[in-house]
Amino acid sequence: MTLPPKVTDRAFERLAEIGASDQGQALRVAVDGGGCSGFQYDIKLDAPAEDDLILSKDGETVVVDSVSLPFLANAVIDFTEELIGARFVIENPNATSSCGCGTSFSM
């Protein structure tokens with residue numbers, strides 16, 4: 001069974017901190033061809049579209065387009081703060097390998 005991605009509380013909290021919903025924006029998580037491993041994540045603030053999967057909590061929203069959805073099945077969308085910086089990250093069980101920075105992957 002294919003499950004949609006999950007979004008952690010930390011990711012929703014970060015969206016609230018930056019005021020995404022106040023700006024009418026959602027966090028868009030998409031998968032594009034390219035990157036050093038074959039596919040790459042495209043993560044940005046954007047307006048929801050008609051065919052998006054919408055994941056919401058406490059007024060904040062994460063959206064995934066229908067083309068990217070199969071690549072993100074059962075994935076976890078999170079936010080992390082480390083010495084090298086803070087960023088949204090994807091834990092993707094479908095990826096067979098990924099690059100060192102975690103922005104591209106292969107299946």
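The values are calculated or read from the model by the stated rules, or taken from the named source; none is laboratory data. None of these values were measured; they are calculated from a predicted model. Please note: Cβ atoms are built from the backbone with ideal geometry, for glycine as well, and neighbour counts cover all protein chains shown. Heavy atoms of the whole protein, side chains included, go into the accessibility calculation; ligands, DNA and RNA do not. Shrake-Rupley method; radii C 1.70, N 1.55, O 1.52, S 1.80 Å.
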Name the residue, out of T2, T8, that is touching a Leu at 6+ places or on another chain (Cβ under 9 Å) and among the hydroxyl-bearing types (S, T, Y).
T2
Of all residues in the stretch 77-92, which are part of a strand (DSSP E or B) and within 20 Å of G33 (Cα to Cα)?
I77, F88, V89, I90, E91
Exactly one of (1) β-branched (V, I, T); (2) assigned to a strand (DSSP E or B); (3) modelled with pLDDT under 95 is unmet by T61. Its number?
(3)
Mind checking whether some residue in the stretch 66-75 is in contact with a Pro (Cβ under 6 Å, 6 or more places away or on another chain) and open to solvent by 60 Å² or more (accessible area, probe 1.4 Å)?
yes
Could you run through the stretch 1-52 and say how many residues are outside any helix (DSSP H, G or I) and either free of Cβ contacts under 8 Å to residues at least 40 places away in the same chain or open to solvent by 50 Å² or more (accessible area, probe 1.4 Å) (or both)?
27
Single unsatisfied condition, G85 versus (1) modelled with pLDDT under 90; (2) open to solvent by 60 Å² or more (accessible area, probe 1.4 Å)
(2)
Any residue in the stretch 56-74 that's over 18 Å from G34 (Cβ atoms): show its pairings with residues that are surrounded by fewer than 14 Cβ atoms within 10 Å (Cβ to Cβ) and not hydrophobic (A, V, I, L, M, F, W, C) at Cβ separation under 6 Å, as long as the two are six or more apart or on different chains.
S66/D51; A73/T2; N74/P93
Hey, does the stretch 57-64 have a residue that's within 13 Å of the chain's Cα centre (by Cα) and closer than 17 Å to T2 by Cβ?
yes
